[in-house]
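The values are calculated or read from the model by the stated rules, or taken from the named source; none is laboratory data. Every value quoted in this text rests on a predicted model; they were computed, and no experiment measured them. No Cβ is skipped: glycine too gets one built from the backbone with ideal geometry, and neighbour counts run over all protein chains shown.
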Amino acid sequence: MVPRRQLFRALLAALVTASAHGQGGATCTTSINEYFVAPASGSFYGAAQAVNLSGYTRLRLVQDGSPNSSGTWVSAPIASNITEFTATFRFSFRNSVGGPGDGFSFLWGNLSNASGTRMSGGENGVQAFVQDQSGLSVGFASYPGAGANGVNGKWAGGTNFAFVPFTYTPVTWTTTALAANTIKMATATIFWSRSTGTRVTIAVPGNTGTLIYIDKGQPQTSAINSAGWSFGFAARNGAVDEDVLIGEFKVNAIVECPDPRSPADLDRDCVVSGADLATVLSNWGPCGSTPCVGDLDNNGSVGGSDLAGVLGAWGDANCVPPVSSDRLVMRPLGTTSAAQGFWEYLPAGYATRNDWPLLVCLHGIGEDGNGTSAELTRLLGNGIPTIIKGNAWPLPASTAGDAFVVLAPQNARGGCHIPTDIDAFLQWAASHYGVDQSRIYLTGLSCGGIGTWEYLRTVGANALPAAVVPICGNGIDAWNQRGCLLGNMPMWAFHGDADGTIPVQGSIVPLTGVAACTSPVAADARLTIYPGVGHDSWTATYNLSAGHDIYAWLLTHRRTTTP
């Protein structure tokens, strides 16, 4: 008899739901909930089957007493592009002699072709991944005699990107009744993000959870097509065999929302208008070797039918324009390998490129915090994160458009940001996001402005940014120590002359100093003083109401030397 609670769970098996928080670049979620109540969803290969063991419904991938066998289960595919997911499941091993066997792997990728032996595999993934050179797996390898007792991460079934030793003794049992029991099983949590990679946590009975590894394997999937991905499990029995049991499998995936907009809305502003007509006319004629914008009928040429398509769809494109807050994501301390919690904004189309400009924003002292989800919210009260949260980004007044990956780390030390923390975060961000290493920029307000100056003073010629915008900071010490060499960094400083918190001389002294240098001549030294303005000189600067397009200015600079 299946318990009533499990029957209720069976109704949720393979439930796939989508919820949109907006449209046109918004966040949508898709969920998979599979409790392996027969007949379970998905596809079974080899020895894999859904079973009821002592009242618990489980996926049994391979069975003790069946050496040299393998079993695989694969979920139905998710059609949309996946940008990140969190998967959880319970697992345990049953071996009549008490020792572990070969293990299993958790899989994700395109598993649509199941021909031949492509679905066979084990703790290193499946043959399909090797043949296609595509797909990732986290392997739970459980044979200590071979020196491989641990958790791996593999790309395409063969290329390792992680391995951490781990013992499975706490979840290896001699009887099926024990192995199938929920409280005797371990819980694994797999988080993957296109921008940060893979994170694995395992909690064995009586343990709150051990972080196995974090932010691994990101380069392998930074540009891969993530549409049509399935999730699955694969196990094998070698000379030492065992039962591999999986239960209560759940996935919550963030996917790209279906685009409801008319194809004729070429500039994606949710209105088919003169701008779209102008695009068609400016691209008139053959497209050449690649499709071109305006070829609505995909016939390799922009012509009369495309013009008719725009005119026929004229007016409201029946959608809601994308908003920036949909792409503003909190990254609390511990959810990435960065030493600080931070906010992340990825521009529309981020996954299509790996050469985005990076803008790192430093906050003021009032927003200091420990980087947890509870305290990161403080950063949404000032500066660029406020503009993004208010759906005013990208700013219409800027010619830069939606150009930047924007990251805003939280200072957890108290006081102002310190140079070593700034440098570490810049280095980490440059290696974990698809950004152009020559177009990294730094800005800060108040204590963040001081931190920017201190970073330049301390790091000197090894500074990563191509240009900086310190606002109401204090760069006098930086000028005193670096002198004219400070001017090698393009900088545009802003300050209010009525600032009673950080005197305006903090910006005047270093900028007038470097501007007067002749050896070397300053690369680009600019100073803007707001008459009658107090400490808040950042709001009008960042929202461009003061008329200075700092974002377009930043993009005019590239770092030409390697630190």
query: What are the residues in the range 418-442 that are farther than 18 Å from N488 by Cβ and either surrounded by fewer than 17 Cβ atoms within 10 Å (Cβ to Cβ) or out of contact with any Phe, Trp or Tyr (no Cβ under 8 Å at 6 or more places or on another chain) (or both), if any?
result: I418, T420, D421, A424, Q427, W428, A429, A430, S431, H432
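For (1) free of Cβ contacts under 8 Å to residues at least 60 places away in the same chain; (2) assigned to a loop (DSSP other than H, G, I, E, B); (3) surrounded by 18 or more Cβ atoms within 10 Å (Cβ to Cβ), each residue gets a yes or a no:
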| residue | (1), (2), (3) |
| --- | --- |
| P39 | yes, yes, no |
| Y45 | no, no, yes |
| T57 | no, no, yes |
| Q63 | no, yes, yes |
| S70 | no, no, yes |
| E84 | no, no, no |
Residue that is nearest to G448 (Cα to Cα) [pool: residues in the range 380-400 that are part of a helix (DSSP H, G or I) and more than 19 Å from the chain's Cα centre (by Cα)]: G383
message: Quick test of your reading of the structure: A429 fulfils all but one of (1) out of contact with any strand residue (DSSP E or B) (no Cβ under 6 Å at 6 or more places or on another chain); (2) part of a helix (DSSP H, G or I). Name the failing condition by number.
response: (1)
query: What tally of residues in the range 151-184 results from selecting those that are buried (at least 21 other Cβ atoms within 10 Å of the Cβ), within 26 Å of the chain's Cα centre (by Cα) and in a loop (DSSP other than H, G, I, E, B)?
result: 1
field: Set L311, L376, L307: member being outside any strand (DSSP E or B), touching a strand residue (DSSP E or B) at 6+ places or on another chain (Cβ under 9 Å) and surrounded by fewer than 19 Cβ atoms within 10 Å (Cβ to Cβ)
entry: L311
- line: Considering residues that are modelled with pLDDT under 95 and either farther than 24 Å from G197 by Cβ or among the aromatic types (F, W, Y) (or both), the number found within the range 431-458 is 1
task: Being part of a helix (DSSP H, G or I) and crowded, with 24+ Cβ neighbours inside 10 Å is the filter here, so list the residues in the range 455-470 that pass it.
output: Y455, L456
message: Scan the range 118-136 and tell me whether some residue there is without any contact (Cβ under 8 Å) to a residue 60 or more places away in the chain, in a loop (DSSP other than H, G, I, E, B) and in contact with a Ser or Thr (Cβ under 7 Å, 6 or more places away or on another chain).
response: yes
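Residues are listed down the side, and each one gets a yes or a no for (1) buried (at least 19 other Cβ atoms within 10 Å of the Cβ); (2) at pLDDT below 95; (3) acidic (D, E):
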| residue | (1), (2), (3) |
| --- | --- |
| N318 | no, yes, no |
| R331 | yes, yes, no |
| I388 | yes, no, no |
| G414 | no, yes, no |
message: I'm checking my understanding of the structure. Among residues of the range 25-60 that are in contact with a helix residue (DSSP H, G or I) (Cβ under 9 Å, 6 or more places away or on another chain), under 14 Å from I254 (Cα atoms) and of a type in the set (G, A, S), which one is modelled with the lowest pLDDT?
response: G25
field: Residues of the range 193-210 satisfying the condition of being out of contact with any Gly (no Cβ under 8 Å at 6 or more places or on another chain), in a strand (DSSP E or B) and within 17 Å of P332 (Cα to Cα)
entry: S193, R199
Failed item, numbered, when R439 is tested on (1) within 25 Å of L527 (Cβ to Cβ); (2) over 26 Å from the mean Cα position of the chain (by Cα): (2)
message: Can you report the number of residues in the range 525-535 which are crowded, with 16+ Cβ neighbours inside 10 Å and either without any contact (Cβ under 8 Å) to a residue 60 or more places away in the chain or not assigned by TED's automatic domain parsing to the domain that holds I388 (or both)?
response: 7
- prompt: For the range 514-531, does any single residue satisfy the condition of being modelled with pLDDT of 95 or more, in a loop (DSSP other than H, G, I, E, B), of a type in the set (A, V, I, L, M, F, W, C) and more than 30 Å from D436 (Cβ to Cβ)?
  reply: yes
task: Please identify the pairs in which a residue from the range 359-370 that is within 11 Å of G451 (Cα to Cα) has its Cβ atom under 9 Å from the Cβ atom of a residue that is surrounded by fewer than 20 Cβ atoms within 10 Å (Cβ to Cβ) and of a type in the set (K, R), counting only partners at least 6 apart or on another chain.
output: H363/R378
statement: (1) part of a strand (DSSP E or B); (2) modelled with pLDDT under 95 all hold for F91 apart from (2)
